[in-house]
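Remarks on the structure that follows.
What follows is calculated from the coordinates using simple rules that are stated; it is not laboratory data. All values reported here derive from a predicted model rather than from experimental measurement. Glycine gets a Cβ as well: all are built from the backbone with ideal geometry, and neighbour counts include every protein chain shown.
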Amino acid sequence: MSPHLSVVIPIYNEEENIKQLWMRLSAVLRENFDERGWEVILTDDGSRDKSLEMILEIAQSERRVKVVEFNRNYGQHAAIFAAFSQVSGQVVVTLDADLQNPPEEIPKLVAKIDEGFDVVGGWRSDRQENDSIFRTMPSKIVNAMTRKTTGIKLHDYGCMLRAYRRDVINAMLDCRERSSFIPALANSFAKRITEIPVAHAERAAGESKYGLWRLINLQFDLLTSFSLLPLQMLSVLGVVVAVLGFLLFIGLMIYRYVDPAGTVEGVFTLFAILFFFVGCQFIAFGLLGEYIGRIYVEVRDRPRYMIKKVHRKEE
Ligand code: UDP
Ligand code: MG
């Protein structure tokens, strides 16, 4: 019989956290979900430390734990997707391995799904980070921009403590696109979405794997895969600029006709216009390039990741 709950955890160089994570997680699962059945799917995202050995050991001792091993590091979202392809539960919960999301909150999320919601997001009401301002500021910006681009008002897109109904997972798995941001993608398939505040601890050990640059990347992902707004703005801008240019041209013609000696001023005006146009063109090229780059990636149609092996203790 397939279990009710699948817990998905991406793991990348988390050797200091795995032991505690498993202790707390297994306690919660055994206490609350033994009757309905549960499983845990751990993706090793090409860790360079002992994480893989440690989670394989867990899988050896517990039949309900599956390990997906990547051949190298593909990133958190790819790791979660790979685990999604292996889930058999009706409710899927994602969780970070660094214990920033307390496993003790899982029953609350599942209860909400049982109430009939498709997606339940955790919301870090008391976000306390030992991470630097370079980590917290960007994610505030990401949250605000995500709200704008996706049009769905959620407090916190960055929080990975989330629960999904199985059909939402299946829909996400059918997406062939490469740059996917799971919380936003899930919301585009879900009808009933809710959020509950969850506790948020400091990272138990190790360092955050997200710097400013990865967050900027994430933002570009969101902007281009969830909205056509930049393209539409581009055309609006184009029209405005063209009209202004035309009017200026007419103005200059009249000016020359009225005062043929005033050429110096005219040159300065032209320079100003030129710089303005060059600036606009660069903005336009940049945005077009972003889309074209994505088309390129999409057209190559490379597999998003390669699973070396799916580990599971033999019966
Ligand atoms: N992670 C991953 N691959 C990566 C980076 C991160 O699987 O390339 C995992 C990591 O092990 C953790 C989760 O994603 O379980 C969140 O990572 P992190 O805590 O560094 O992110 P933050 O909490 O700063 O957003
Ligand atoms: Mg973290």
Tell me whether the chain comes out rounded, prolate or oblate; compute the Cα gyration tensor, take square roots of the eigenvalues as a ≥ b ≥ c, and use a/c under 1.5 as the rounded threshold.
prolate
Considering only 269, 136, 43, give the residue with the highest GNM mean-square fluctuation for the chain, with springs between Cα atoms whenever their separation is below 10 Å.
269
Pick from 278, 87, 267: which residue has the top mean-square fluctuation in a GNM of the chain where Cα pairs under 10 Å get a spring?
267
Helical contribution to [θ] at 222 nm, DSSP H n ≥ 4, -39,500 (n - 2.57), averaged over the chain, rounded to 500
-17500 deg cm²/dmol
Among 191/313; 66/112; 191/309; 50/191; 66/108, the pairs whose Cα-Cα distance exceeds 31 Å are 191/313; 191/309; 50/191
Using modelled backbone amide H atoms (1.01 Å from N, in-plane), which distant-in-sequence or interchain residues come within less than 5 Å of residue 8's amide H?
41, 93, 94, 95
For the chain, what is the relative contact order in percent, using Cα pairs closer than 8 Å and at least 6 residues apart in sequence?
23
Is any helix in the chain, taking whole DSSP H runs, at least 24 angstrom long along its axis by alpha carbon and on average at least 0.5 on the Kyte-Doolittle scale, and which ones?
229-258, 263-300
Within the under-13-Å Cβ sphere about residue 108, not counting residue 108, Lys/Arg +1 and Asp/Glu -1 give a net charge of -3
Top mean-square fluctuation among 89, 46, 238, Gaussian network model of the chain, C-alpha springs under 10 Å?
238
